[in-house]
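Data block below; observations after.
The values are calculated or read from the model by the stated rules, or taken from the named source; none is laboratory data. Predicted model only: the values in this text are computed from it and were never measured. With ideal geometry, Cβ positions are generated from the backbone for all residues, glycine too; neighbour counts draw on all protein chains shown. The protein model used for the area step is the full one, side chains on, heavy atoms only, and it has no ligands, DNA or RNA in it. Shrake-Rupley method; radii C 1.70, N 1.55, O 1.52, S 1.80 Å.
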Amino acid sequence: MMAQALLDIVGLSKRFGGFVALDGVDLNVKQGERLGLIGPNGSGKSTLVNCICGTLHNEGGSVKFDGKKIDGLIAHQRTRLGLARSFQLPRPFVGLSIADNLRVPLIYTVHAREGRRFTRAEMEDHCGEFLRLVGLADKAKKFPRDLSMVELRKLELARAMAAEPKLLIADEAMAGLSHSEVDDILALLARLSERGITIILIEHIMRAVMAFSQRVAVLVSGKKIADGLPQDVMRDPEVERAYLGQ
Amino acid sequence: MRSSVFFLIAVLVGAAVFFGARFVHNEYIFFAGFVILQFIVLATAWNILGGYTGYVNFGTAAFFALGAYSTVFIHKLYPLPIPVLILIGGVVSGIVGLGMGYLTLRLRGAFFSIATLALAVVLQTLIVNWTFVGGSRGAYIIRPATAPLIGNYIEYMFLIMLALAIVAITTARVIERSQLGYGFATIRDDEVAAEASGVPTLRLKLIATTISGALMGMAGAPFPYYIGYVEPTSTFGLAYAVNSIAMPMIGGTTSWIGPLIGAILLGTIQQVATVTISSAVNLLIVGLLLVAFVIIAPKGLIGLVQDFRRSRGG
Ligand SMILES: Nc1ncnc2c1ncn2[C@@H]1O[C@H](COP(=O)(O)OP(=O)(O)O)[C@@H](O)[C@H]1O
Ligand SMILES: [Mg+2]
């Protein structure tokens, strides 16, 4: 029915031992859409991201990306297809400089995808562009240990963007950021969205979610309990109950 | 510096070392130098896997012995020139390295290391029970009296190991500066994040085990002609595993120069100790130095220098 679905998740289930982290989640994201994904802590949002991106393997259900079933693919193959994500807890390459951190997706995703090598100058340009986008240009030669937590989150986001994805998933990239920094990241995501990149934003800051999202899905205890226009979802009594019940 | 320029400089340094050693006019220099060069190759090879990707291989002796026993096997059939034997030893142990990678690289951390140790035990057991290559009694290899080109056989062997060391170091440096080097570094730091950035971690680790294993086997291939008598206990000896880990750790594992410095330093100390005290203290010395460095300077001598420069630079 939705011909232009970029991401199509059907009945996704994931358990850790006896604990059911995801219980038959269906989720559909259209090409170019901006989706907000919310839910209380521990509801399975990050686990869902991990299953979509191949970091974890789901026992049940399936994930279709860009019209292709990707269940059997390992993480780097999915990244090369155009799926990129930031990690909720930043996972920088600590032995590489900030600029080199961004070089990795350029070399291993963008190169590999396009089948061509960047020249040294092109590489510098690309790295510089992404560093400027997240406001880390003056830290290019520093190492992750020199960055604050907030800067690490920005690096995390920049590295995901550097992979030039079709779908970008930002997993709580704004936690700890100041009001104006949240606005900066929102503006950045809006620009990416204008370029046609589909974005899933996982966030606790409701102001950001409401400002960003065209649609909001709600996850509670591994189940999707609501999915629709932001205003409608926020008025949903079940959603209210889930949030008040915390 | 371009790799070709680096290689040229390495060759010049190598030539200086060779003619310097000749100038001394003492055969012992060549015997001792051969062992140190052999450790440079082993330490550099170990570091390509252990230092660059962070996978600690306890099985250096197995790869070294594979090279040595390939030579014994071929010597029994039809003696070939040492450079050819080095290539054969490299192919054999490279293939075993690839196989070991396939079997073990899904294991992380300590489990991978234990698996490499197990490989060494299994291979040693096979060799002990293989009478064609001498079994547990060992095999004698009669070294030819004269060598091609140079005449003196030990000088010839020294020269070959020198060339191999140059090849190994250049290889390590090329890897370090290539896209492969970036990929290896991401594996060392965080494999999950590496995959998420598009790095095919398994393939890269297989490349590392293959190159590392091949170089170790190449280091072992000339060994029977050097030692004259090959038997499993010493060829699979603890000294190879311990030294090939200790040398990069002491020098520094993030760059090609670390294993080189570590091997020269530890190799020389051990050669001196062998002459002045006894070879029995060698492993003790290496062990103590390793412990000291792990505690005081976990990033090795390179790390110390870098920290010093940084603190001076503000
Ligand atoms: N690797 C894991 N092993 C075991 N349990 C896990 C693992 N990852 C997540 N969980 C559990 O799954 C649940 C969902 O976690 P998560 O997806 O991180 O939630 P969210 O991102 O919505 O806060 C939590 O109860 C968490 O403890
Ligand atoms: Mg989470």
With the checklist (1) free of Cβ contacts under 8 Å to residues at least 60 places away in the same chain; (2) open to solvent by 30 Å² or more (accessible area, probe 1.4 Å) in hand, flag the one item B:Tyr140 doesn't pass. (1)
Go through (1) assigned to a helix (DSSP H, G or I); (2) without any contact (Cβ under 8 Å) to a residue 12 or more places away in the chain and name the single condition A:Cys127 misses. (2)
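Hey, among the residues in the range A:92-127 that are surrounded by fewer than 21 Cβ atoms within 10 Å (Cβ to Cβ) and within 17 Å of A:Gly54 (Cβ to Cβ), which one's farthest from the other protein chains (Cβ to nearest Cβ)?
The first filter runs over the range A:92-127 and keeps only residues surrounded by fewer than 21 Cβ atoms within 10 Å (Cβ to Cβ), leaving A:94-97, A:99-100, A:110-126.
From what's left, within 17 Å of A:Gly54 (Cβ to Cβ): A:112-113.
Values: A:Ala112: 6, A:Arg113: 8 Å.
That would be A:Arg113.
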Taking the condition of being without any contact (Cβ under 8 Å) to a residue 60 or more places away in the chain, of a type outside the set (S, T, N, Q) and away from chain B (no Cβ under 13 Å), how many residues in the range A:144-172 meet it? 5
Out of all the residues in the range B:193-229, which are within 14 Å of chain A (Cβ to nearest Cβ) and touching a strand residue (DSSP E or B) at 6+ places or on another chain (Cβ under 7 Å)? B:Ala196
If you check every pair at least six apart or on different chains, which have Cβ atoms under 7 Å apart with a residue in the range B:175-192 that is farther than 14 Å from A:Arg103 by Cα and more than 10 Å from every other protein chain (Cβ to nearest Cβ) first and a residue that is in a helix (DSSP H, G or I) and of a type in the set (A, V, I, L, M) second? B:Ile175/B:Ile48
Looking at (1) among the aromatic types (Phe, Trp, Tyr); (2) within 13 Å of ligand 1 (Cβ to nearest atom); (3) open to solvent by less than 10 Å² (accessible area, probe 1.4 Å), which is the only condition A:Phe19 fails? (3)
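Only one residue in A:Glu59, A:Glu33 is away from chain B (no Cβ under 11 Å), more than 13 Å from ligand 1 (Cβ to nearest atom), open to solvent by 30 Å² or more (accessible area, probe 1.4 Å) and touching a residue at least 40 places away in the same chain (Cβ under 8 Å). Which one?
Values: A:Glu33 fails: open to solvent by 30 Å² or more (accessible area, probe 1.4 Å).
None of the others qualify; the one that does is A:Glu59.
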